[in-house]
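Visitor: Before anything else, here's the structure in question.
A short reminder: the numbers here are calculations on the coordinates, not readings from a lab. The structure presented is a predicted model; accordingly, all values stated were derived computationally and were not measured. Cβ placement follows ideal geometry from the backbone for every residue including glycine, while neighbour counts extend to all protein chains displayed.
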Amino acid sequence: MTELGFRRADIKGTFHEVLDYTVVEWGDGHVLVEMEVKPEHRNLGGSIHGGVLSSLIDLAGFLGGSWSPDGPGRSVTINLNASFIAGTNADVITAEGKRMHATKNTLFSKVWIREKDTGTLLTTGQCTYKLLHPDTKESPGVAKK
């Protein structure tokens, strides 16, 4: 498991940098991510935007299932389902991702997003990912460079 407060160095200049999350715990089959909610993460009503919550589901689902001492592997999201249970104007939220099942090429995860201070459940999600081999150059969902 990684040390508390781990920040990924490979996210510079990506959408992940906009989310500005911290990996609090990361081990085999589990991740806990924390995010300080900033004004750009909120909708016009002041709640956390559903797109931000969906993005957290996507990243926590993958990280929760793809732990490696060398960092995360690569994947393409095949399916993502989100259930928005409660709105919030909390300043800090957590996303817990757990691997439910994995095969050689596919990963299935569940994610729970909560208010950090109260533990109130905000959103749940289920994700399916196509796992890519490190040398994959082309695949649906992989940008060509």
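Visitor: Can you tell me the length gained on complete extension of the stretch Leu121 to Val76, counting 0.36 nm per residue apart and subtracting the Cα distance?
Guide: Extra length available between Leu121 and Val76 comes to 13.5 nm.
Visitor: Using per-residue counts of other Cβ atoms within 10 Å, averaged over each peptide, order 108-117, 18-27 from highest down.
Guide: 108-117, 18-27
Visitor: Turning to a different aspect of this structure: In nm, to one decimal, how far is the Leu132 label point from the Asn43 one, both placed 7 Å along Cα→Cβ?
Guide: 3.1 nm
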